[in-house]
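Trainee: My questions will all concern the structure given below.
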Amino acid sequence: MQTSGLTVYIVEDDQSVRDAVGLLLGLHGHAVAMFADAESFLQAYRPEWSGCLLLDIRMPGMNGLELQERMARIGCRMPAIVMTGHGDVDSARQAFRAQAVDFLEKPLDQARLLDAIAEAFQRQDTLRRTSESRATIDKRLAALTPRELEVMELVVAGRHNRDIATELGISVRTVEVHKARMMDKLGAANVADLVRLSLGAGVS
Amino acid sequence: MQRQNPSIPHRTERKPAMLSSTRPGWRDIALLVVGYVALDWASFIHPLHGLNITPWNPAPALGLVLLLRHGTRMVPAIVVAILIAEIWVRGLPAALPVTLAVAALLTGGYWLIATVIYKYLPEGVIFADRRGLFIWAATVAAGTLLTSGIFVVALALSGYVPMDGIGGAVLQFWVGDGAGVLVSMPLLWMLFDDYRRRQLRQVVFHPGFLAYLALIAGALWIAFGLGASAAFKYFYALFIPIAWAASRHGLPGAVIAAALIQFGIILAVKSQGIAAITVLEIQILAAVIALFGFFVGVVVDEKQRVSNELRQTLRLAAAGEMAGALAHEMNQPLTALSAYGSACEQLLDRGDTGPTLRDALRGMTRESHRAAEVLRRLRDFFRTGSTRLEPIDLAELIDAAATSFAARGKRDAVTLSVGPIPPLRLLGDRLQLEVVLRNLLSNAFDAVAERPPGERRIRLDAHDEGGAQVCIVVEDNGAGCDEARLAGLFDGFRSTKSSGLGLGLMISRAITEAHGGSLWAETGDHGIFKLSLPTEGTSLHAD
């Protein structure tokens, strides 16, 4: 169950609930950080944090749903699990619209809580992986010269070397050299690889 | 002096579904015949041409009430009653066939009036609102005019009324019937209805009833004693008692006052031998006074009903909020309990029986106590159920609340002083108001706990605010409230301690408002809570 480097951030105003849930999650091998209100969480927040949020809806000051919105606005994509004393449809809808992983009613069901955390961590992991691979591709693309980039775009568009040469006003031989260098820099073995890469990076 | 909550909101009146639905019992028929003849006999004054053309004729009111209650089946009984009255009271002034025809004609007229009233007021709620009252009065006025015209013309054609006297006869008959019905019918109507009879009884057994009687007697003396020598210029004095009764007791008050005034007028007319033409004028005035009183009474009833409904709505809203607060308050300890329980299980699975397990178990005990505390406090509030009003001595109430904190004051080294309490009486639910005061005092004790022992002071005061309001002030020398804290103070979900200060204040406020008062905190360098409540003698109608 333990996922390295991921933390459950509990934001709950009730000290006993915070302690008890923190203890339980700790015993299940999760790293836990606890906050008494949304404001103190926001103050402490670092962008490199990863894991998931376990939020109480009813809190003095900023409530859990407002915190969820605020996190989305500042670009934090950490998945959130929302807890509430009495689950009304409106809050549930709002929570799920803001991409909540689950909406749990108090008293919490242990199995559901652990499942929700596992799912949240999985989501966080996927997020992290895609953002990691995107970062790699972006880095490789940045290494291309403007000419190589032009050649890549035309290759991805399905043009033959001869067409590309005419289009760019260079010899076919030069196109071949640019193409080979470009494929090498991107680490693409063939055109299919290249297309996949360019799609992943959102270049077209 | 209290209006005793005379109207249940939205009472659906028991009424026949159609103007011919319930079969009259022999009791009602006998009541009609005997009552009709008796009223006719009592009101047979200043007859015109020895006929039943008198300036006061309340008997048809009885006929109308029974027609409305039992419908067309009552018609033969009314004909019989009229015949008996003609024979017994007046010795049959006209020939029997004419009398029979006239009786049938009058009965037809009353039946028509009853049918029209029933058509426009199908639920039979004649005296429930202004519209009903207006339709009733207009129908009675128009219907009796029509009946009078036909009746008098028929008698004139038979030669019992001179042709040139038709106008005067119609006027007298109309005023007699119209005023008689307008003044007496509401009273008879209410007497035939169990619920309304209770309302009437409430007015009569009210301690203020003797004052009504005295005022009515006084007004009658002004109108007929002083007024007789001044051509009844002071008749308007009679408006005062009916206005008073109507504004205090609504329609039942107005109905009783109108009946008493009418009775007084008849006594005066008989004892003073007042001229027929004057009696006619007096009857018109009596009808106007009665209508005025009924309209005031109905408006008072309507206002009362609206305020009861509003109060009910507010109470439901408060109950909804309380339920939400209760769910939150109970869920927190339960959530902690179940999490601690799961944690203990986990620890035992691992064979870890060290301090972590002990802490978790202690946490469970603590949380169970907390849940029990929430329940105990809620039980305090709900124990009394609905608000039951009784007169409460303010000083006793405050003493009881202060005494219950004496032991805690000693233990926590808090000086609790009670200021001079004005000798006032409240009308309220003693248990609930004590709960509010205890809650405020408990908050004050928590607030002064921050200060060192010996410097903890709480003061309980009460001031007569005038306008039948008393303001109870609970002051402590704790930190007090700033604007920000004040804003969320009465919100059940914004508790500053685990036992939920906000919930207690919210319920206290709901109780206070159900008593027609208000509860608020003031900003300052120390804690100030103020509780304003109406004292006995103001109009307060919580039920």
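Trainee: Pull up the cross-link candidates among the aspartates and glutamates for A:Lys185, meaning alpha carbon to alpha carbon under 16 Å and not fewer than 8 places away within one chain.
Mentor: The reachable aspartates and glutamates, counting only those whose Cα sits under 16 Å from A:Lys185, are A:Asp138, A:Glu148, A:Glu150, A:Glu153, A:Glu176, A:Asp193.
Trainee: Let me ask something else about it. Mind listing the long-range amide H neighbours of A:Ala31? Cut-off is under 5 Å, sequence gap 5 or more, other chains count too, H placed in the peptide plane at 1.01 Å from N.
Mentor: A:Val8
Trainee: Here is a follow-up. Over all pairs of distinct alpha carbons, what does the Kirkwood formula give as the hydrodynamic radius of region B:388-481, in Å?
Mentor: It is 13.8 Å.
Trainee: Here is a follow-up. What FRET efficiency comes out for A:Asp90 versus B:Thr523 if R0 is 45 angstrom and r is the Cβ-Cβ distance? Round to the nearest 0.05.
Mentor: 0.85
Trainee: For the Cα atoms of chain A, what angle does the longest principal axis make with the long axis of helix A:110-142, in degrees from 0 to 90, nearest 10?
Mentor: 20 degrees
Trainee: Determine which lysines satisfy two conditions relative to B:Lys530: a Cα distance under 24 Å, and not lying fewer than 8 residues away in the same chain.
Mentor: B:Lys497
Trainee: Each label point is 7 Å from the Cα along the Cα-to-Cβ direction; what then is the distance between the points at B:Ile135 and A:Ala135, in nm?
Mentor: My value for the distance between the label points is 8.0 nm.
Trainee: Given a 1.4 Å probe, how much area per residue of region B:337-460 is accessible, in Å²?
Mentor: Heavy-atom accessible area per residue stands at 52 Å².
Trainee: Set the Förster distance to 25 Å, then compute FRET efficiency between A:Arg147 and A:Glu48 from the Cβ-Cβ distance, nearest 0.05.
Mentor: So, using R0 = 25 Å, E works out to roughly 0.10.
Trainee: Same structure, new question: Using a 1.4 angstrom probe on heavy atoms only, work out the carbon and sulfur share of the accessible area of region A:109-204 in %.
Mentor: Accessible surface attributable to carbon and sulfur in region A:109-204 totals 51 percent.
Trainee: What is the average number of partner chain Cβ atoms found within 10 Å of a Cβ in B:341-349?
Mentor: If you average over the peptide's residues, the count of other-chain Cβ atoms is 5.
Trainee: For the peptides B:354-367, B:210-223, what is the packing order when you average, over each peptide's residues, the other Cβ atoms within 10 Å and list the highest mean first?
Mentor: Result, highest mean first: B:210-223, B:354-367.
Trainee: Using a 1.4 Å probe on protein heavy atoms only, how many Å² of accessible area do A and B hide from each other, summed over both chains and rounded to 100?
Mentor: 1800 Å²
Trainee: Looking only at other chains, what is the average number of their beta-carbon atoms within 10 angstrom of each beta-carbon in A:19-31?
Mentor: That works out to 6 on average.
Trainee: Now, a different point. Suppose R0 equals 51 Å. What FRET efficiency, 1/(1 + (r/R0)^6) with r the Cβ-Cβ distance, do B:Ala479 and B:Glu309 give to the nearest 0.05?
Mentor: The computed FRET efficiency comes out at 0.75.
Trainee: Taking amide H positions as placed 1.01 Å from N in the peptide plane, with prolines and chain starts having none, which residues 5 or more places from B:Arg457, or on another chain, fall under 5 Å of its amide H?
Mentor: B:Thr415, B:Asn477
Trainee: Search the structure for amide H atoms under 5 Å from the amide H of A:Asp102, placed 1.01 Å from N in the peptide plane, and list their residues when 5 or more places away or on another chain.
Mentor: Amide H neighbours of A:Asp102, under 5 Å, 5+ apart: A:Val82.
Trainee: Continuing with this model, one more query. 7 Å from Cα along Cα→Cβ at both B:Arg197 and B:Arg27: what's the point-to-point distance in nm?
Mentor: Taking the two extended label points, one gets 0.7 nm.
Trainee: Let me ask something else about it. Grab the Cα-Cα distance for B:Arg358 and B:Leu431, subtract it from 0.36 nm times how many residues apart they are, and report the gain in nm with one decimal.
Mentor: Residue separation times 0.36 nm, minus the Cα-Cα distance, leaves 22.2 nm.
Trainee: May I ask you to order B:60-70, B:233-243, B:392-402, B:336-346 by the average number of other C-beta atoms within 10 Å around their residues, highest value first?
Mentor: In descending order of packing, they fall as B:60-70, B:336-346, B:233-243, B:392-402.
Trainee: So, one more: Highest first, please rank the peptides A:130-136, A:105-111, B:74-80, B:173-179 by the mean number of other Cβ atoms sitting within 10 Å of their residues.
Mentor: By packing density, highest mean first, the sequence is B:173-179, B:74-80, A:105-111, A:130-136.
Trainee: Starting from 0.36 nm per residue, how many nanometres of slack lie between B:Ala142 and B:Glu450 once their C-alpha separation is accounted for?
Mentor: 103.1 nm
Trainee: Evaluate the Debye formula for the protein assembly as shown with equal point scatterers sitting on the alpha carbons, no solvent, and hand back log10 of I(q)/I(0) at q = 0.06, 0.11 Å⁻¹, in q order, two decimals.
Mentor: Here the Debye-derived log intensity ratios amount to -0.65, -1.12.
Trainee: Between region B:147-166 and region B:34-106, what is the C-alpha centre distance in whole Å?
Mentor: Taking the Cα centre of each part, region B:147-166 and region B:34-106 sit 17 Å apart.
Trainee: Counting only other chains, and only Cβ atoms inside 10 Å, what mean value do you get across the residues of A:106-113?
Mentor: Other-chain Cβ atoms within 10 Å of each residue's Cβ, averaged: 5.
Trainee: Using Cα pairs under 8 angstrom and six or more residues apart, how large is the relative contact order of region A:70-154, in percent?
Mentor: Taking the mean separation of contacting Cα pairs over the length of region A:70-154, I get 25 percent.
Trainee: Rounded if a/c is under 1.5, else prolate if a/b beats b/c, else oblate: with a ≥ b ≥ c from the C-alpha gyration tensor eigenvalues square-rooted, which is region B:116-273?
Mentor: oblate
Trainee: Here's something else I'd like to know. Relative to the longest principal axis of the C-alpha atoms of chain A, give the angle of the C-alpha long axis of helix A:146-156, reported between 0 and 90° and rounded to the nearest 10°.
Mentor: 80 degrees
Trainee: On the first, second and third principal axes, largest extent first, how far apart are the outermost C-alpha atoms of region B:80-145 in Å?
Mentor: 43, 20, 18
Trainee: Please give the helix A:191-201 orientation as an angle from the longest Cα principal axis of chain A, in degrees from 0 to 90, rounded to the nearest 10.
Mentor: Taking the Cα atoms of chain A, the angle to A:191-201 is about 40 degrees.
The values are calculated or read from the model by the stated rules, or taken from the named source; none is laboratory data. Here the structure is a predicted model, which means the values were calculated and not measured. A quick note on method: Cβ atoms are made from the backbone with ideal geometry, for glycine too, and the neighbour counts reach across all protein chains shown. With ligands, DNA and RNA removed, areas are computed over all heavy atoms of the protein, side chains included. Shrake-Rupley method; radii C 1.70, N 1.55, O 1.52, S 1.80 Å.
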